[in-house]
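Take a look at the structure set out below.
The values are calculated or read from the model by the stated rules, or taken from the named source; none is laboratory data. All figures in this text were calculated on a predicted structure; none of them were measured in a lab. Because the Cβ atoms are built from the backbone with ideal geometry, glycine has one as well, and the counts that use them run over all protein chains shown. With ligands, DNA and RNA removed, areas are computed over all heavy atoms of the protein, side chains included. Shrake-Rupley method; radii C 1.70, N 1.55, O 1.52, S 1.80 Å.
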Amino acid sequence: MTAPRPPRRTRCLTIGSSDSSGGAGIQGDLKAFASVGAYGATVLVGVTAQSPAGVIASAPVDLDLVAAQLDTVLTDIGADGVKVGTTWSAALMHLVADRLAGMSAPLVVDPVLVTAAGSGLSGGQDAVDALCERLLPMAAVTTPNFAEARRLTGLTDETDPAVLAGALVRRGARAVVITDVPGGGDWLFDGRRHRAVPGPRHATGCEHGAGCAHSALLTAFLARGVPLPRAAELAHRAVAAGVANGAVDIGRDRHPVDLLTATATATETATGAATDTASATETATGAAIDTGAAVAVGAAVVGGDRGRPA
């Protein structure tokens, strides 16, 4: 008798830039995918010399090589969810949009324009315009931080996240999660309903990579079919736990978020052995361990495949 094949694991693709310090960018995304049991693949579009303190130097990857990476990964591995990060250039935004056109997997656009340390990474206004014109209408959700939402909308003095989210939807986004809003938490607007995503703000100095981790986790949860409001809540709680348990021994003044240690610690506490990612995620993020919560997270990170193939 032939043994049954194990369920196919969730496949998540991140299209972004390398962080030489390992805390953000594609390195941070891969850790975030792994923390919830998803398999991560990458398309590298840029290289940075950076640490948690800021970006020192950066350079884009040749567009032909970007296209080859995309074609190879999508043809051989496929993707149940895709995240797009740093912009770099209008030509890159058009290339990515062309390659992802018609894909049924959910797309998360994280317009990385400003790092946690305040460094700029945008390819310029033409790149931002191409991002808004081509990728935002394709995305299931876009996830700017508060400063990036102001820049994308041109409302540089606006303090109300609902106004910023509404402006982004009018600019083409289907749904918006604005992170790091004043007072803590995130803000979700799905084009119909505004809602706060409350949560604590931890003053640990471990914010490097938090935004990347949030959008990567959101990608993984959406890839498993978790509804956007629940996915936004789970992603926020997981990142908050990663900041609270951040890598304070890495970096001088600023430090990276740490999702993997928080998840492993919670798993040991909850089960006595690092085997149950769903329980670990719920415990690490402070979510209630009840039947509904367990089913929601279990569907997101473990068990049979319910993802949408590319």
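What to note about this one:
- A count restricted to segment 171-191 and to residues that are open to solvent by 60 Å² or more (accessible area, probe 1.4 Å) and at pLDDT below 95 stands at 4.
- Which numbered condition Ala203 fails, given (1) assigned to a loop (DSSP other than H, G, I, E, B); (2) hydrophobic (A, V, I, L, M, F, W, C); (3) in contact (Cβ under 8 Å) with a residue 12 or more places away in the chain: (3)
- Looking only at residues in segment 49-66 that are open to solvent by 10 Å² or more (accessible area, probe 1.4 Å) and within 18 Å of Val84 (Cα to Cα), the one that is modelled with the lowest pLDDT is Ser58.
- The residue list Gly46, Gly40, Gly28 contains one member that is part of a strand (DSSP E or B) and more than 14 Å from Val96 (Cβ to Cβ), which is Gly40.
- Positions within segment 29-43 being basic (Lys, Arg) and surrounded by fewer than 19 Cβ atoms within 10 Å (Cβ to Cβ), in sequence order: none
- Condition check for Thr156 on (1) within 20 Å of the chain's Cα centre (by Cα); (2) assigned to a loop (DSSP other than H, G, I, E, B): one failure, at (1).
- Selection status of Ala105, at pLDDT 95 or above, more than 20 Å from Leu135 (Cβ to Cβ) and crowded, with 19+ Cβ neighbours inside 10 Å: no
- Look at (1) open to solvent by less than 30 Å² (accessible area, probe 1.4 Å); (2) modelled with pLDDT under 85; (3) in contact with a Ser or Thr (Cβ under 6 Å, 6 or more places away or on another chain) and you find that Arg224 fails only one, number (2).
- Near pairs, Cβ below 9 angstrom, 6+ apart or cross-chain, from segment 237-263 (at positive phi) to any residue that is polar (S, T, N, Q): Gly251/Ser21; Gly251/Ser51
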